[in-house]
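Enquirer: The structure under discussion is supplied below as structure tokens; questions concerning it will follow.
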Amino acid sequence: MALVVLFTSVNGTGVRGQDLPKAVVAVLDFGKVMRKSDAAKDISRQIKEFRDSFRDEIQADEIRLRQVETELKRQRSVLSPAVFEKRRQEFRNQVIAAQKRGQGHKRQLDRALKLAMDKIKAVVIPIVKELTENKGFTLVVEKSQVLFANRSLDVTDEVMRELNQKLRTVAVPKPQ
């Protein structure tokens, strides 16, 4: 939780209330904007498509590896111990490679999501700045950091409307 604290020096002099400019505060639910705006929904849709594609690839790997494992178990009794051990190690290497591909896909998706969400942030920040200048706010705080605020201070819907007008879609870079 963010708190604003005024400090007074030991001798009693320091910043006095009358010396400070009047604070005009607004509250923004930035998380909501980043989840529910049209652009954010578009990003989620695209990420889901990439994730589904990767899932299909991983499932194909799993099917192939199960077949290799079944064949390896079937051949155990007919292969020499040295040949069996060599094939078992090759199988293990294939499993490790498949796991690494899966982890790589996750990192790629995370990176693509971050790049796309950064595009939304790059539009939201100037919207908030313009709103601050137009309405005379001296402070805009994230809603999650506020214990209590009057609803009239919440500018989330206004920011969301403006964002939806300026940015409806975001091209998510293909995960690579």
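Enquirer: Taking the stretch 122-137 as the region of interest, how many residues are surrounded by 12 or more Cβ atoms within 10 Å (Cβ to Cβ), more than 10 Å from residue 28 (Cβ to Cβ) and within 18 Å of the chain's Cα centre (by Cα)?
Expert: Here the count works out to 1.
Enquirer: Just give me the residues in the stretch 162-176 being in contact (Cβ under 8 Å) with a residue 24 or more places away in the chain and assigned to a helix (DSSP H, G or I), in sequence order.
Expert: 162, 163, 164, 166
Enquirer: Quick check: anything in the stretch 88-109 free of Cβ contacts under 8 Å to residues at least 60 places away in the same chain, of a type outside the set (Ser, Thr, Tyr) and over 27 Å from residue 55 (Cβ atoms)?
Expert: If we filter the stretch 88-109 for residues that are free of Cβ contacts under 8 Å to residues at least 60 places away in the same chain, which is where we start, we get 88-104, 106-107.
Remaining after also requiring of a type outside the set (Ser, Thr, Tyr): 88-104, 106-107.
Restricting the remaining residues to those that are over 27 Å from residue 55 (Cβ atoms) gives 88-89.
Yes - at least one qualifying residue is present in the stretch 88-109.
Enquirer: For the stretch 92-111, name all the residues that are loosely packed, with under 12 Cβ neighbours inside 10 Å and not aliphatic (A, V, I, L, M).
Expert: Answer for the stretch 92-111, where residues must be loosely packed, with under 12 Cβ neighbours inside 10 Å and not aliphatic (A, V, I, L, M): 92, 93, 100, 103, 107.
Enquirer: Only one of these is assigned to a helix (DSSP H, G or I), within 29 Å of the chain's Cα centre (by Cα), surrounded by 15 or more Cβ atoms within 10 Å (Cβ to Cβ) and of a type outside the set (D, E, K, R): 140, 159. Name it.
Expert: Exactly one residue qualifies, and that residue is 159.
Enquirer: Also, quick follow-up: Evaluate the stretch 71-85: report whether one residue or more is under 28 Å from residue 175 (Cβ atoms) and in a helix (DSSP H, G or I). Steps first, answer last, please.
Expert: Step one: list which residues in the stretch 71-85 are under 28 Å from residue 175 (Cβ atoms), which gives none.
Within the stretch 71-85, not a single residue is under 28 Å from residue 175 (Cβ atoms) and in a helix (DSSP H, G or I).
No lab work stands behind these numbers, since they all come straight from the coordinates. Quick caveat: nothing in here was measured; it's all calculated off a predicted structure. Note that each Cβ is placed from the backbone with ideal geometry, even for glycine, and that neighbours are counted across all protein chains shown.
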